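The values are calculated or read from the model by the stated rules, or taken from the named source; none is laboratory data. The structure displayed is predicted, hence computed values, not measured ones. Don't worry about glycine lacking a Cβ; one is built from the backbone with ideal geometry, like all the others, and counts go over all protein chains shown.
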Amino acid sequence: MEYVALYRKWRPKGFSELVGQEHVSRTLSQAVVGGRVGHAYLFSGPRGTGKTSTAKILAKALNCEKGPTTEPCNECESCRRISDGTSMDVMEIDAASNRGIDEIRELRETVKFAPTTGRYRVYIIDEVHMLTSEAFNALLKTLEEPPPQVVFILATTELQKVPPTIQSRCQRYDFKRIAAKDIEARLREVAEASGVAADGAALSLVAREADGGLRDALSTLDQCISLAGDRVTEPLVREILGLVGRESILRILRALAAKDAKDALEAAGEVLAEGKDAKQLVTELIAELRAVMVYQAAGVPEGTELYETDEAALKKTSALFSSDSFLPMFRALHEALVELRWTTEPRIAVETALLSICRSSGGMAAMAEPAATAATQDSEAKIRMLAARIEALEKKVVSGAAVLPRAGASLRSDGSHVKKTPAAATSQKGSSTGTAGAASETAFVKTEAGEALWKQLLAALEKDGEKVVRACVVNGMFGGMTNQSFCVRFTSAFLANRLKKDDFRNVLEAYLERLSGNPLRLTVEVEALSEAPKNKKEKAEKPLREKTAKEVVEAMPPEERAAVEPLVEIFGDDMKIIPSDEMNDGIGGQEPPPAKK
């Protein structure tokens, strides 16, 4: 007798045999019983979840000699022909190979004929999303108003490719991924009926790797039975599916937790040397990490399918990692997965991800505790130092030795006062206009190295074509530098404010780090200009009309905009512009020139 594959032999024959799609079977059963069968259905969902099987069950329910019924007899001639695929009243069309307009035109001609033996002519169009746009358009009218004895059932794994005009003419049913426990139960039933012994761990592994598709699970079990003979074991399943052994996965995780790059690379090298797929290795590492993360956060939540189900193993592995270590590990492994799609050297992608995790600072439980302890000790030392300084100052105040500083003076770290010079006050005033946190701990010093770095910065900006940034920076001057900061001074607060914005700041700090070899924080200062003496004839102040640069440019004719647009690009659309007629009332305190007679 010809051998029949398990997924064909165990295809559901009635609505009650559908696995994991109770919402679909219940709705269709009630429609058949109530006589409310639609003229067009659209079944969508992942592969192997029962779309085509449900379509055949519905066809048998409508054409069974004992029907319409929710439980076809599967014994009458109509049911047997539908199951065998030889029924003249049930047409199965593969849209992947019959996707043109000619095939749809032929279908439109055949729908006019009455059923041969049954009550309905049922058209099952599989992978309907493969039809061309012309074929969809040709199907529209027939799908909307078919003859009363015709039922269309469209099946697809990519619903987004089906035009909305087609979807609106069908009753849509979404098939969901089947839960691993339901697949495992079905596999156990099939194995027992087939007289094959199968370990629970083996069936559980097959169910998890099926990714919600019962057909894939049955095909894997069929392959395992062919190789094993009388017993299916977990190592056998891993060998057939090309999975990485759990011992190797756990060894790599332990190495990552201990930041042992050598052991991690050796374990990964052994796996790849066995011929295992690099993508499979990274996928299993992610799945194992996800199980450990979920267990560490919430135990084993109900309804959550984990890659590892042994709680003792999960508890032991989760103790190796801190809660904040998972995010950088997931990020590195997912980046490796993306790179594996196109790289010709998959081993390098895997090794780079493992080294990145091992060299990352913080995150692991073994490293987190010493770091936290050091931070705590450092904080305690600073608190004790501050307490001692406060106590010393209190003693001086009580004894009268300490005098409060006058305006314009500052306090040294030892409690003594330093009077500020006008230049120092001006520098501090300008420094206060810099970005938050940008003030340096010590005074800026002008050195030959700093001057050289300033010239290199301007030259690099010009060479790389950073014209807009350079046009702003070139109007400033080098103001000195420290080990951590680089100061640029302006006489124009307007230019200084523009340089403080993140877009210009990030560019300059990147250039400074590249040229100096050290990260330097950009500090922007404004030097106050001495005020011009007021003219006695100066008129009373009046508010000036201001317009934004955007408003001015929009009002200009096109031929004049070219001269202004570079300035707007430098200073931004929100730059304020005062019309020239407002400034004619006196510039620098002068009277406007008398009108000519």
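Listing for the model above:
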read-out	value
Members of the range 136-169 that are of a type in the set (Val, Ile, Thr) and assigned to a loop (DSSP other than H, G, I, E, B)	THR157, VAL162
Subset of the range 460-478 that is free of Cβ contacts under 8 Å to residues at least 40 places away in the same chain and aliphatic (A, V, I, L, M) - its residue that is surrounded by the fewest Cβ atoms within 10 Å (Cβ to Cβ)	VAL474
Qualifying residues in the range 153-169 (those that are touching a Ser or Thr at 6+ places or on another chain (Cβ under 7 Å) and of a type in the set (A, V, I, L, M, F, W, C)) - the one surrounded by the fewest Cβ atoms within 10 Å (Cβ to Cβ)	LEU159
Meets criteria (basic (Lys, Arg), surrounded by fewer than 19 Cβ atoms within 10 Å (Cβ to Cβ) and in a strand (DSSP E or B)) for ARG172	yes
Options ALA191, ALA207; residue that is free of Cβ contacts under 8 Å to residues at least 40 places away in the same chain, buried (at least 18 other Cβ atoms within 10 Å of the Cβ) and not in a strand (DSSP E or B)	ALA207
Failed item in (1) assigned by TED's automatic domain parsing to the domain that holds GLU284; (2) out of contact with any strand residue (DSSP E or B) (no Cβ under 6 Å at 6 or more places or on another chain), with PRO235 passing the rest	(1)
Residue among GLU109, GLU145, GLU77, GLU65 that is in the same structural domain as VAL37 (by TED's automatic domain parsing) and either surrounded by 13 or more Cβ atoms within 10 Å (Cβ to Cβ) or at positive phi (or both)	GLU65
Close pairs (8 angstrom Cβ cut-off, 6 or more residues apart or separate chains): in contact (Cβ under 8 Å) with a residue 60 or more places away in the chain in the range 479-494, in a helix (DSSP H, G or I) anywhere	PHE494/PHE571
Helices (runs of 4 or more DSSP H) contained in the range 297-388 and holding at least 1 residues surrounded by 15 or more Cβ atoms within 10 Å (Cβ to Cβ) and modelled with pLDDT of 90 or more	326-340, 346-359
Qualifying residues in the range 48-62 (those that are small (Gly, Ala, Ser) and without any contact (Cβ under 8 Å) to a residue 60 or more places away in the chain) - the one surrounded by the fewest Cβ atoms within 10 Å (Cβ to Cβ)	SER53
Filter result for the condition that a residue is in a helix (DSSP H, G or I), among the hydroxyl-bearing types (Ser, Thr, Tyr), in contact with a helix residue (DSSP H, G or I) (Cβ under 9 Å, 6 or more places away or on another chain) and at pLDDT 90 or above, over SER16, SER53	SER53
Qualifying residue in the range 4-19 (condition: within 39 Å of the chain's Cα centre (by Cα), among the small types (Gly, Ala, Ser) and surrounded by fewer than 22 Cβ atoms within 10 Å (Cβ to Cβ))	no
Residue satisfying all of: in the range 226-255; farther than 14 Å from VAL271 by Cβ and in contact (Cβ under 8 Å) with a residue 40 or more places away in the chain; surrounded by the most Cβ atoms within 10 Å (Cβ to Cβ) among these	VAL232
Qualifying position, being touching a strand residue (DSSP E or B) at 6+ places or on another chain (Cβ under 9 Å), within 18 Å of LEU154 (Cα to Cα) and modelled with pLDDT under 90, among ALA96, ALA114	ALA96
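Listed here are the residues, each with its yes/no results for (1) among the hydroxyl-bearing types (Ser, Thr, Tyr); (2) outside the structural domain of PRO164 (by TED's automatic domain parsing); (3) under 39 Å from the mean Cα position of the chain (by Cα); (4) not in a loop (DSSP other than H, G, I, E, B).
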position	(1), (2), (3), (4)
LYS60	no, no, no, yes
CYS73	no, no, no, no
SER83	yes, no, no, yes
HIS129	no, no, yes, yes
GLU134	no, no, yes, yes
